[in-house]
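A short worksheet on the structure shown next.
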Amino acid sequence: MNILQNHIQALVFCAQSPISIEEIQRCLQEALGMEEILVSDVLEAVEAVNEQLAESGFAFQIYAIGGGYQFLTKPAYQDTISTYLKHKSKKKLSASALETLAIIAYKQPVTRSVMEQIRGVGCDYAVHKLLEKELIEIKGKADTIGRPVLYGTSQKFMDYFGINHIKDLPQLKEFSTEENTIGQTAD
């Protein structure tokens, strides 16, 4: 089992994006010449690696994220990492890009006209920037007149926001809108 743990650590470490269980299984079976490695064995090995890392006091561990596994720093070091990233990255998303990204995340797949209808303003620049940063991607074309492009979030979006599935997004709260009235209501 220790050999399996070491190979899994190596795979997760060298992967540039989250590596799926299936990919881990396939690589291990081929590299180790084993006929079958069970998902339960891989999961046990990941858990054992995390236990070893916790006992040794390392600042990182293997997390399930973006449909796979990746080494990430522990939440206790979030402030340090945030400071580093704040200094490193001067390019932030504008408020309009964040609004557009939220619409895409919750309504996907969605057309640009739907985004513009929700926001009340044009979204061309925001969509262009989100595509450039690879936070969204084209998911296809709608089956309506003109066949407009459908947009959805990308794997990079999942990684960036630290979520495993789109269903992990915070749920939208239900708001009840009261009628706009002037003065007090009549009894």
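The values are calculated or read from the model by the stated rules, or taken from the named source; none is laboratory data. The shown structure was predicted, so the numbers you read here are calculated from the model rather than taken from an experiment. All Cβ positions, even for glycine, are placed from backbone atoms using ideal geometry, and neighbour counts span all protein chains on display. Heads up: the accessible areas ignore ligands, DNA and RNA and are worked out on the full protein's heavy atoms, side chains in. Shrake-Rupley method; radii C 1.70, N 1.55, O 1.52, S 1.80 Å.
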Pairs, first farther than 18 Å from F60 by Cα in the range 26-49, second not in a loop (DSSP other than H, G, I, E, B), C-beta under 6 Å, six or more apart
C27/L11; L28/H7; I37/Q25; I37/L28; I37/Q29; V39/I21; V42/I21; V42/I24
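Within the range 70-135, which helices (runs of 4 or more DSSP H) (wholly inside it) include 3 or more residues that are open to solvent by less than 60 Å² (accessible area, probe 1.4 Å) and among the aliphatic types (A, V, I, L, M)?
Filter on the range 70-135 gives 95-107, 124-132.
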Residue pairs meeting the criteria (Cβ under 9 Å; at least 6 apart or on separate chains; first under 15 Å from I19 (Cβ atoms) and aromatic (F, W, Y), in the range 54-76; second surrounded by fewer than 14 Cβ atoms within 10 Å (Cβ to Cβ) and modelled with pLDDT under 90)
Y63/G162
Among the candidates E44, E35, E23, residue that is among the acidic types (D, E) and either within 18 Å of the chain's Cα centre (by Cα) or loosely packed, with under 14 Cβ neighbours inside 10 Å (or both):
E35
Among the residues of the range 145-165, which ones are more than 14 Å from the chain's Cα centre (by Cα) and touching a residue at least 24 places away in the same chain (Cβ under 8 Å)?
P148, V149, L150, Y151
